[in-house]
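The values are calculated or read from the model by the stated rules, or taken from the named source; none is laboratory data. This structure is a prediction, so every number in the text was calculated from the model and none was measured. Note: ideal-geometry Cβ built from the backbone for every residue, glycine included; neighbour counts use all protein chains shown. Only protein heavy atoms, including side chains, enter the accessible area calculation; ligands, DNA and RNA are left aside. Shrake-Rupley method; radii C 1.70, N 1.55, O 1.52, S 1.80 Å.
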Amino acid sequence: MTTKNPIKVAVTGAAGNIGYSLLFPLAAGQVFGPDQPIELQLLEIPQGLQALEGVKMELLDSAFSLVTNITCTSDGDEGFGDVDYAFLVGSKPRGPGMERADLIRENGPIFVGQGQAIDRSAKENVKVIVVGNPCNTNCLIAQHQAKRVNPRNFTAMTRLDQNRAKAQLALKAGVPVSEVSRLAIWGNHSPTMYPDFENAMIGGQALTDVITDHEWLKSDFIKTVQQRGKAIITARGKSSAASAAWAAIDHAISWSRPTPAGEWVSMAVPSDGSYGIPEGLIYSFPCTVNAEGEYNIVPDVALSSFAKEKAMASAEELLAERDAVKDILG
Ligand code: NAX
């Protein structure tokens with residue numbers, strides 16, 4: 001029997017598709033380990049609470065030995081009360097004919113409210129992972145409301161893009177995915193993201209020495225990663241959920257322990273101006289995490305003019321997104 005205090009974890013949109021795939025590995029100890037008790041604080045909109053009760057019943061029926069309490073609520077202060085981690089998954093989906101800018105405006109108020117509730121109620125050192133789209137700018141909105149929390153503790157998820165890119169490269173090279181390292185996503189979680197194959201490695205070798213079809217890397221590979229979400233909707237009739245939940249688990253694992261030597265992890269974090277990316281934007285960089293659970297943007301990554309152009313294009317998009325919500329940034 002463990003004597004550790006429970007770690008408190010909030011998940012918003014907990015009755016949604018990603019929530020349903022995320023909660024079970026979380027409850028089983030996938031992120032925080034097999035001897036770390038966990039309290040789940042699940043948030044839904046009022047219309048989602050009944051379905052959330054069903055999810056809670058299934059969590060109970062799984063008899064997870066690490067779970068000490070499950071709260072279901074629509075109240076931000078209750079949901080974020082004293083939490084160590086917050087997964088912000090819930091947001092409104094893009095409706096028919098809706099532009100990206102409309103979606104940003106539509107979801108902005110959700111993240112204003114949640115940022116304020118985090119500010120009032122979460123632990124000061126809470127780590128926030130925004131999954132709900134448009135995740136980079138939603139993260140920026142919530143971060144601006146939570147003045148008590150270190151701005152660096154607000155991150156958005158580009159790990160699914162990293163995982164997708166690694167899988168494509170492993171398939172092309174005919175190697176296990178574990179052989180692919182240092183594959184970083186730069187920019188926005190949107191079709192402008194740039195999966196940087198030029199600095200990636202396969203085994204001990206430069207990836208570009210192993211995969212010699214550089215035309216494929218520059219065109220089909222990038223397009224496949226950028227458009228993967230759409231391809232899944234076309235094939236499945238629903239957006240990616242299990243792989244997104246797994247990526248959120250990966251993001252939290254990577255943020256809570258040291259990055260293996262020689263590896264990088266992609267996280268959308270507040271830019272400190274590195275690589276000419278405007279300061280403050282929530283931008284995906286290659287990062288490493290130290291033993292204290294702090295991430296750092298990897299310095300001195302060599303970017304070709306091709307890569308720089310792609311990285312800046314994504315920053316431009318994020319600047320436009322920031323401009324679209326400037327009145328609610330506070
Ligand atoms: P679902 O529509 O299945 O679930 C969303 C849930 O959030 C619903 O149950 C809804 O009631 C709830 N919700 C809405 N507003 C809320 C609020 N203010 N507070 C609490 N709960 C709220 O969507 P799902 O497939 O789970 O996707 C969730 C989000 O993840 C979407 O925004 C989606 O676009 C985004 N994704 C992000 C990815 C990433 O890599 N960053 C990839 C997958 C996914 O597309």
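Here is the figure for segment 38-52: residues that are of a type in the set (Asp, Glu) and near the ligand (Cβ under 9 Å from one of its atoms) total 1. If you check residue 191 against the conditions, is it closer than 26 Å to residue 323 by Cβ, surrounded by fewer than 17 Cβ atoms within 10 Å (Cβ to Cβ) and either touching a strand residue (DSSP E or B) at 6+ places or on another chain (Cβ under 6 Å) or small (Gly, Ala, Ser) (or both)? The answer is no for residue 191.
When 149, 130 are checked against the criterion of being within 20 Å of residue 100 (Cβ to Cβ), of a type in the set (Val, Ile, Thr), outside the structural domain of residue 281 (by TED's automatic domain parsing) and open to solvent by less than 40 Å² (accessible area, probe 1.4 Å), a single residue qualifies: 130. Residue 63 falls short on exactly one of the conditions (1) within 23 Å of the chain's Cα centre (by Cα); (2) not in a helix (DSSP H, G or I), and that condition is (1).
Do we have residue 253 as in contact with a helix residue (DSSP H, G or I) (Cβ under 8 Å, 6 or more places away or on another chain), open to solvent by less than 70 Å² (accessible area, probe 1.4 Å) and assigned to a helix (DSSP H, G or I) here?
Considered against the rule, which asks whether it is in contact with a helix residue (DSSP H, G or I) (Cβ under 8 Å, 6 or more places away or on another chain), open to solvent by less than 70 Å² (accessible area, probe 1.4 Å) and assigned to a helix (DSSP H, G or I), residue 253 comes out as no.
Of all residues in segment 233-245, those satisfying the criterion of being under 17 Å from residue 162 (Cβ atoms) and either open to solvent by less than 40 Å² (accessible area, probe 1.4 Å) or away from the ligand (no atom under 11 Å from the Cβ) (or both) are 240, 244, 245.
Taking residue 254, is it at negative phi, modelled with pLDDT of 95 or more and under 18 Å from the mean Cα position of the chain (by Cα)? Criteria met by residue 254.
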